[in-house]
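Undergrad: Here you go, one structure.
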Amino acid sequence: MKQSTAWFLACRPKTLSISLSPVIVGSAVAWHASGTLLWLPLLAAALGAALIQIGTNLFNDAGDFLRGIDRPRRIGPRRASAEGWLNPRAVQAGAWLAFALAFLCGIYLVGRGGWPIVAIGLASLAAGWAYTGGPRPIAYGPLGEVFVFIFFGLIAVGGSYYLQTLALDATPLAAATLLGLHATAVITVNNYRDHDDDAASGKLTLAVRLGRPATRWLYTAEMLAPYALLPLFAGLGWPALLPLLSLPLALTLIARFHREKPGPAFNGILAATAGLQLVFALLLTLSFVI
């Protein structure tokens with residue numbers, strides 16, 4: 001395999017929309033509130049968020065291999081370190097490079113948003129490393145979904161809104177809750193698929209703690225709750241209903257999650273769940289801009 005292809009796959013491009021969607025939504029909510037949109041903060045925030053997710057993915061790729069979690073012929077998508085496509089130390093170096101580039105984006109954003117952005121940026125970088133790194137990786141315990149909800153929901157949407165308006169109120173946090181719930185569903189698919197291997201290796205994710213039947217209902221709740229919360233935006237009028245256009249896809253994915261036997265089929269469900277979050281986010285964005 002070409003090195004460029006290996007690096008591209010190691011970044012996990014199918015799920016990068018998880019970091020971009022909340023930036024788009026947070027900026028749209030800000031435009032609705034202020035009537036203006038600052039493109040440079042939006043683009044810098046989107047790039048920085050994507051780089052942090054890429055760095056987190058690369059740390060996860062190398063870290064799981066070095067800890068003996070990932071092996072060749074795993075059920076999930078093939079990993080660069082486990083398959084021998086890339087040296088795991090090189091993958092770790094790539095992760096640090098992604099974080100360094102995100103830090104450069106953050107320097108510009110701090111000039112716009114001040115110390116709150118410093119706190120958000122440093123916390124995001126630290127959490128991205130701690131997700132797989134350190135003595136007690138977040139991904140190896142039951143708090144992975146909480147991590148995703150906070151950083152790919154509340155912080156990403158709220159921070160993007162703050163960069164546009166230099167203020168924060170309940171509306172962007174409500175939008176962040178919806179985006180965060182769908183983001184957690186992506187992690188739930190991943191951990192449900194890997195349940196048996198994780199349990200055998202001592203990786204006690206929330207799916208391992210709950211067991212498969214309860215995890216199926218957790219995914220159902222994560223997928224449907226954002227639709228149940230749309231009345232929070234009733235003040236927008238009929239446009240608040242636009243995200244309901246994605247509900248049939250959500251119901252289809254829930255049915256597949258309950259019907260499919262654990263295995264490679266869940267790779268497709270994972271990618272489709274990330275795709276659903278993007279579609280939902282774009283429809284919610286339209287709710288605020290039309």
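Undergrad: Gaussian network model of the chain, Cα springs within a sub-10 Å range: biggest mean-square fluctuation belongs to which of A28, A176, A265?
TA: Most flexible of the set in this elastic network: A265.
Undergrad: Computing the accessible area with a 1.4 Å probe over protein heavy atoms, can you report the carbon and sulfur percentage for the stretch 143-249?
TA: Values: 3040 of 4160 Å².
After summing per-atom areas, the C and S share lands at 73 percent.
Undergrad: Then there is this: Bin all alpha-carbon pair distances of the stretch 149-290 at 5 Å intervals from 0 and give each bin's fraction as a whole percent.
TA: For the stretch 149-290, the pair-distance distribution reads 2, 10, 19, 21, 18, 13, 9, 6, 3, 1, 0.
Undergrad: Restrict the search to the stretch 54-96; then list the trypsin sites (Lys or Arg not before Pro) that DSSP places in a loop and that have at most 10 other Cβ atoms within 10 Å of their Cβ. Let's see the in-between values first.
TA: Numbers: sites: R67, R73, R74, R78, R79, R89; in loops: R67, R73, R74, R78, R79.
Filter output for the stretch 54-96: R73.
Undergrad: Using a Förster distance of 51 angstrom, determine the FRET efficiency expected from the C-beta separation of D197 and L104, and round it to 0.05. Provide the component values of the computation, followed by the final result.
TA: On the way: r = 37 Å, r/R0 = 0.72.
Given R0 = 51 Å and the Cβ-Cβ separation, E is 0.90.
Undergrad: Among A176, I254, L282, which residue has its Cα furthest toward the positive end of the charge dipole of the chain, with +1 on Lys/Arg Cβ and -1 on Asp/Glu Cβ?
TA: I254
Undergrad: Sort 165-172, 283-290 by the packing proxy (mean of other Cβ within 10 Å over each peptide's residues), most packed first. Before the final figure, lay out each step's value.
TA: Numbers: 165-172: 15.5, 283-290: 18.4.
Per-residue Cβ counts within 10 Å, averaged per peptide and sorted highest first, yield 283-290, 165-172.
Undergrad: Cα-based Rg of the stretch 211-259 per 2.2 N^0.38 Å, rounded to two decimals?
TA: On the way: Rg = 12.9 Å, N = 49, 2.2 N^0.38 = 9.7 Å.
Scaled against compact globular proteins, the figure is 1.33.
Undergrad: I need the semi-axes of the equivalent ellipsoid of the stretch 108-176: take the C-alpha gyration tensor, multiply each eigenvalue by 5, square-root it, list largest first in whole angstrom. Mind showing how you got there, number by number?
TA: Numbers: eigenvalues 122, 47, 7 Å².
They are 25, 15, 6 Å, listed largest first.
Undergrad: Report, to the nearest whole %, how much of the accessible area of the stretch 1-87 belongs to carbon and sulfur atoms, 1.4 Å probe, protein only.
TA: Numbers: 2560 of 4010 Å².
Answer for the stretch 1-87: carbon and sulfur cover 64 percent of the accessible area.
Undergrad: Spin-label point model (7 Å from Cα, Cβ direction): what's the A93 to L122 distance in nm?
TA: About 2.9 nm separates the two model spin labels.
Undergrad: With springs only between Cα atoms under 10 Å, which of A274, A62, A228 fluctuates most in a Gaussian network model of the chain?
TA: Its mean-square fluctuation being the largest, the pick is A228.
Undergrad: Shifting gears a bit: Treating only the Cβ atoms of Lys and Arg (+1) and Asp and Glu (-1) as charged, compute the dipole magnitude of the chain about its Cα centre; round to the nearest 20 debye. Don't skip to the end; give the middle numbers.
TA: Details: 20 positive and 12 negative charges, 136 e Å.
That gives the chain a dipole magnitude of about 660 debye.
Undergrad: Please give the direction-averaged projected area of the C-alpha convex hull for the stretch 46-91, in square nanometres with one decimal. Mind dumping the intermediate values first?
TA: Values: hull surface 13.5 nm².
That works out to 3.4 nm².
Undergrad: When semi-axes √(5λ) of the Cα gyration tensor in Å is calculated directly from the model, which label among (i) 41, 27, 16; (ii) 30, 24, 15; (iii) 44, 37, 17 fits?
TA: (ii)
Undergrad: Same structure again: Within the chain, which complete DSSP H helices have Cα atoms spanning at least 30 Å along the helix axis and a mean Kyte-Doolittle hydropathy of 0.5 or higher? Walk me through the intermediate numbers first.
TA: On the way: long enough: 39-66 (40 Å, 1.07); 88-113 (36 Å, 1.12); 170-193 (35 Å, 0.75); 265-289 (36 Å, 1.88).
Qualifying helices, which must be both long enough and hydrophobic enough, are 39-66, 88-113, 170-193, 265-289.
Undergrad: How large is Rg/Rh for the stretch 13-144, to two decimals, with Cα atoms and a Kirkwood Rh? Present the calculation step by step, with values, prior to reporting the outcome.
TA: On the way: Rg = 16.5 Å, Rh = 15.9 Å.
Here Rg/Rh amounts to 1.03.
Undergrad: Separate question: Which lysines, if any, have their Cα less than 26 Å from the Cα of K261, not counting same-chain residues under 8 positions apart?
TA: Cα-Cα hits under 26 Å: K14, K203.
Undergrad: Let me ask something additional. May I ask you to give the solvent-accessible area per residue for the chain, in square angstrom, as obtained with a 1.4 angstrom probe? Please report the intermediate quantities before stating the final value.
TA: Details: 12650 Å² over 290 residues.
With the other protein chains kept in place, the chain gives 44 Å² per residue.
The values are calculated or read from the model by the stated rules, or taken from the named source; none is laboratory data. Not measured: the values here are computed from a predicted model. Cβ sites come from the backbone with ideal geometry, for glycine too, and all protein chains shown count toward neighbours. When the accessible area is computed, the model is the full protein with side chains, heavy atoms only, and any ligands, DNA or RNA have been set aside. Shrake-Rupley method; radii C 1.70, N 1.55, O 1.52, S 1.80 Å.
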